[in-house]
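Engineer: Below are the structure tokens for one structure; questions will follow.
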Amino acid sequence: MLAILLWGGNAIIAKASATIIAPAELNFARWLLAALLLAPFAALQIMRNRAALVRQLPRLCVLGLFGSALFPFLMYVAAGYTTATKVGIIQTLMPLIAIGLSAAFFRGAIGRGVLAGAALSMAGVIVVITNGQPGMLLMQSPNRGDLIMLAATACFALYSVLLARWRGPIPMAASMFVQACTAVAAMVPIMLLTEAKDLEPAAVPLIAYAGVLGSVAAPLLWMQGVALIGSSRASLLFNLLPLVTAGLAVVLLGEPLSAPLIIGAMLLLAGVVMAEQAAKKLPTHSANN
């Protein structure tokens, strides 16, 4: 849950940085900072686990590509083409995509209770981010940003599923360091191919938050959660992200607390609880595969 809170703050930071720093530059800077912070802790772990690291390196690079490079970068790009409402809605598809990927490719159990809870929580998110007018979704045609955000969501869903399956002997700091370096390397060609912006002083604190809390603390907590409860159950908590982001906006930005927000929050939390309880009744191995 703390990871979701930090990511909610990171979403506000990302929104504030939209006119200050380009998406590729922001993602490059945040992961470069994260790699520098992780380096002292990862160095000894890497030396002690060199043989295992060599074996796991391809997997760690894949995780870094999908979870650290592509997901946030595509989300930043999508925000420039589509509405915040659609970004939030598409993002809530991540748990369902993760469950679907787990079931389709790794024979993970789903269960009707999990599906019902996921559907209820998604309905709550829709009420929250449409201000109680879900019909507006039918009147908006898909655009480039919607497709980009869908791709970003699929990237993070795949990351969550693979992370649960690829739990190896590599210590967490070393794993995160390799993934951060992968993201930095992946952003270099993208930065060269996209339009850059002059770095403004106002971007420094935004990069600092994204690099320390959004890129180190939040993923660390998320990885621990996935390892403990499995990809399907952990990813269901991702439904709370739009609610947390809205709550931070109310507190930090002074946005009004409306009735649809309260009603949607109740539906969302009820769905998460329902899915969590249903997931506990599934075979133990299916929650982790």
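Engineer: Any idea what diffusion coefficient segment 1-157 gets from Stokes-Einstein, in µm²/s, Kirkwood Rh on alpha carbon pairs, 10 °C, 1.306 mPa s? Intermediate values should be presented prior to the final figure.
Structural biologist: Working: Rh = 17.9 Å.
Stokes-Einstein gives a translational diffusion coefficient of 89 µm²/s.
Engineer: So if I take the centroid of the Cα atoms in segment 32-81 and the same for segment 194-218, what is the distance between those two points in Å?
Structural biologist: Segment 32-81 and segment 194-218 have Cα centres spaced 17 Å from each other.
Engineer: Can you list, largest first and rounded to whole Å, the semi-axes you get for segment 178-224 by taking the square root of 5 times each eigenvalue of its Cα gyration tensor? Please list the in-between numbers first.
Structural biologist: Working: eigenvalues 102, 58, 8 Å².
Its equivalent ellipsoid spans semi-axes of 23, 17, 6 Å.
Engineer: Going by how many other Cβ atoms sit within 10 Å of their own, how do VAL125, VAL184 line up, fewest first? Could you put the intermediate results ahead of the total?
Structural biologist: Details: VAL125 25, VAL184 22.
So the ranking, lowest neighbour count to highest, is VAL184, VAL125.
Engineer: Within segment 1-99, which chymotrypsin sites (Phe, Trp or Tyr not before Pro) sit in a loop by DSSP and count at most 15 neighbouring Cβ atoms inside 10 Å?
Structural biologist: TYR81
Engineer: Okay, next question. Among the trypsin sites (Lys or Arg not before Pro) in segment 44-113, which ones are in a DSSP loop with at most 13 other Cβ atoms within 10 Å of the Cβ? Mind listing them?
Structural biologist: Working: sites: ARG48, ARG50, ARG55, ARG59, LYS86, ARG107, ARG112; in loops: ARG107.
Those satisfying the criteria are ARG107.
Engineer: Here is a further query. Over the Cα atoms, compute the radius of gyration (one decimal) and Dmax (the largest Cα-Cα distance, rounded to a whole number) for the chain, in Å.
Structural biologist: 18.6, 57
Engineer: Along each principal axis of its Cα atoms, how long is segment 112-171 end to end? Whole angstroms, biggest number first, please.
Structural biologist: Cα spread of segment 112-171 along its principal axes, largest to smallest: 49, 32, 19 Å.
Engineer: What distance in nm separates the simple spin-label points at GLU195 and PHE41, each placed 7 Å from Cα in the Cβ direction?
Structural biologist: Modelled inter-label distance: 3.8 nm.
Engineer: Normalized C-alpha radius of gyration of segment 137-211, against 2.2 N^0.38 Å?
Structural biologist: On the way: Rg = 17.0 Å, N = 75, 2.2 N^0.38 = 11.3 Å.
Rg over 2.2 N^0.38 Å, computed on Cα atoms: 1.50.
Engineer: How big is segment 5-50 by the Kirkwood estimate over distinct Cα pairs, in Å?
Structural biologist: Details: mean 1/r = 0.0802 Å⁻¹.
Averaging 1/r across every pair of different Cα atoms and inverting gives 12.5 Å.
Rule-based calculations on the coordinates, nothing more; no lab input. It should be emphasised that the depicted structure is a prediction, and the values quoted were computed from it without experimental measurement. Note that we place each Cβ from the backbone using ideal geometry, even for glycine, and neighbour counts take in every protein chain shown.
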